Amino acid sequence: MEDVRSIFASMSGYWWVVVLLLMLIGWKQILWFFGVIIIPDNMIGLVTKKFVLWGANKDLPLGKIVALKGEAGDQVDTLASGVHYGLWPWQYTVANQQLVIIPENFIGVVESRDGQPLSDGNIIGKHVDCDMFQNARAFLEGGGQRGPQAMVIPEGSYRINTLLFRVSNEIITDIKKDQIGVVEALGGSPIPNGRVLAKHVDCNTFQDAHGFLAGGGERGPQLPQNPKTP
């Protein structure tokens, strides 16, 4: 019995070692409990607010799924890499999200889950300057529309809020030397009666969907475009 007591007595002098070990093992959980969030360099933080107790902006407006004014729900603004404070775990959930990667020989096709409704007859959202969809707030405040987007993303790494945008990688269209590409537009103005082919619109050989739509591009089979001719 004496031996057992002496062992516990000797161990009690090293309680701080046990505490230090626990802190080393669970330091992330400790910081999380005190509202400190660390976002690694190759990620962004997706923020969801669980509740708002008071104020004019407690709940999301009808039909909206992303919060612009701090309402409860998925937040429009993401967290950049680094250390962030005041994100108390009982009010916020923060998920680390890998950057959106568009590989070589692919483009990123974007669909927005929130925004203004598409105009009658349109199936593609209008262009909004939003830094390749990396500024979700600019997209929504600039009148971005819900649904597939005209602008595509070239290869590279992007800090995109995937709570708002879905991005799918699509392989670049490759027209071989002995082939031609026949194009049919799914969006645009209707072709006037008496024509079966849409009018020509300068749109960088159909690579600029925004230019096509802004230039009055018409829905349906397209006239051929030669990139070598003006």
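Here, each number is a calculation from the coordinates, and none is a lab measurement. Computed from a predicted model, the values in this text were never measured in an experiment. Cβ sites come from the backbone with ideal geometry, for glycine too, and all protein chains shown count toward neighbours.
Worth pointing out:
- Charge tally around ILE107: other residues with Cβ under 10 Å, Lys/Arg +1 each, Asp/Glu -1 each, net -2.
- Fully extending the segment from VAL36 to LEU53 would add 4.0 nm, taking 0.36 nm per residue of separation and subtracting the current Cα-Cα distance.
- Cut-off 11 Å between beta-carbons: net charge of the residues surrounding ALA214, Lys and Arg +1, Asp and Glu -1: -1
- Relative contact order %, the range 141-230, counting alpha carbon pairs below 8 Å whose residues are six or more apart: 30
- Potential lengthening between ALA214 and LYS69 on full extension [0.36 nm per residue; Cα-Cα distance subtracted]: 49.1 nm
- Taking amide H as placed 1.01 Å from N in the peptide plane, the amide H of GLU71 sits under 5 Å from none that are at least 5 places away or on another chain.
- Net lengthening on full extension, LEU186/LYS199 (0.36 nm per residue, minus Cα-Cα): 3.2 nm
- GluC sites (Glu not before Pro) within the range 135-230, DSSP loop, no more than 16 other Cβ atoms inside 10 Å: GLU155
- Here the label points at ASN96 and ASP174, each 7 Å from Cα along the C-beta direction, are separated by 3.6 nm in the simple model.
- For ALA185, distant residues with modelled amide H under 5 Å away: GLY220, GLN222
- Each residue of the range 175-182 was assigned a 3J(HN,Hα) from its phi angle through the Karplus expression (A = 6.51, B = -1.76, C = 1.60, θ = phi - 60°), giving 9, 6, 4, 9, 10, 10, x, 9 Hz with x at Gly and Pro.
- Overall form of the range 45-174 per C-alpha gyration tensor (a/c, 1.5; a/b vs b/c): oblate
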